[in-house]
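First comes the structure, then the notes that go with it.
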Amino acid sequence: MNGDLFADETRFTDEALGEQARVLRGFALARADALLAAVEEIAAAAPFRHLVTPAGTMSVAMTNCGERGWTSDARGYRYSAIDPDSGRPWPAMPPMLRELARDAAAALGFAGYAPDACLINRYLPGSRMGLHQDRDEGDKVAPIVSASLGIPAIFLFGGMKRNDRPRRIEVRHGDVVVWGGVDRLRYHGVAPVKPALHPLLGGKRINLTFRKTV
Ligand code: MD3
Ligand code: FE
């Protein structure tokens, strides 16, 4: 390959993270503008908010679209069909988002993936997500699909036990991660995001995670 554009090619090609987990580099790139427009429209109806959990207030701001959304208060977290801030259903999941998730899941052999929830996370410099498992979903085998937009972040990709030392995987604008089946319940998190500037998003990172919650 020629020149600087591909200087880090070896670090940023598709990568197997587990038997049924993979990073698809740039998979969402061609749809990034449309995804961002969709996120803005969703956030206009269901604004980003810093949820409170039993452990404290999250540094990541969140909203949702789809039939259900992930939400939390001091008593605990859950999926809810209603946005507790507005008392209305979450905004519908735009077909574009549904199709991205379906196409990415199909690339790992999960045919016919039909998520019912999309959690949208907004990170500013310093925002982080501690190691956790996604286990509030009824279906613990169906994949979760995650699309990253904006400034880079380091995913912490752990094992089945909290104490397993996580791998650090940099994810950039347009990258998609899919994990399902045997890798579905791995511990994971996001290291504190470093300040950076992205031409489309400025100083922030948006992550969309698609789930099948029932
Ligand atoms: C799963 N969000 O919202 S999942 C979450 O970047 C969440 O905002 C991440 O975890 C974020 O619950 C996107 C990324 C991820 C990375 C590694 C994993 C999920 C993983 C390894 C195993 C299982
Ligand atoms: Fe998670």
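Computed from the coordinates by the stated procedures, all read-outs in this text should not be read as laboratory data. Being a predicted model, the structure only gives us computed values, none of them experimental. Note that each Cβ is placed from the backbone with ideal geometry, even for glycine, and that neighbours are counted across all protein chains shown.
Determine whether G130 is closer than 24 Å to V193 by Cα and not acidic (D, E). Yes.
A count restricted to the stretch 68-86 and to residues that are without any contact (Cβ under 8 Å) to a residue 60 or more places away in the chain and either part of a loop (DSSP other than H, G, I, E, B) or farther than 15 Å from T57 by Cβ (or both) stands at 11.
Among the residues of the stretch 119-141, those identified as of a type outside the set (K, R), away from ligand 2 (no atom under 14 Å from the Cβ) and in contact with a Lys or Arg (Cβ under 7 Å, 6 or more places away or on another chain) are L124, P125, D139, V141.
In the stretch 11-42, how many residues are without any contact (Cβ under 8 Å) to a residue 40 or more places away in the chain and within 26 Å of K140 (Cα to Cα)? Result for the stretch 11-42: 2. Identify the residue in the stretch 90-105 that is surrounded by 16 or more Cβ atoms within 10 Å (Cβ to Cβ) and more than 15 Å from the chain's Cα centre (by Cα) and, among all such residues, is farthest from G26 (Cα to Cα). It comes out as W90. Scanning the stretch 43-65 for residues that are in contact (Cβ under 8 Å) with a residue 60 or more places away in the chain, in contact with a Phe, Trp or Tyr (Cβ under 7 Å, 6 or more places away or on another chain) and of a type in the set (G, A, S) yields a single hit, A61.
For the stretch 99-151, the tally of residues that are in contact with a Gly (Cβ under 8 Å, 6 or more places away or on another chain), farther than 23 Å from R78 by Cα and among the acidic types (D, E) stands at 0. Considering only residues of the stretch 143-158 that are buried (at least 23 other Cβ atoms within 10 Å of the Cβ) and small (G, A, S), which is nearest to ligand 2 (Cβ to nearest atom)? Ranking the qualifying residues of the stretch 143-158, first place goes to S146.
Contact annotation: no residue pair with Cβ atoms under 7 Å, 6 or more positions apart or on different chains, pairs a residue in the stretch 161-189 that is over 18 Å from D134 (Cα atoms) with a partner that is of a type in the set (S, T, N, Q) and away from ligand 1 (no atom under 11 Å from the Cβ).
Residues in the stretch 67-84 that are touching an Asp or Glu at 6+ places or on another chain (Cβ under 8 Å) and either within 16 Å of ligand 2 (Cβ to nearest atom) or over 24 Å from L35 (Cβ atoms) (or both): R68, G69, W70, T71, Y77, R78, Y79, P84.
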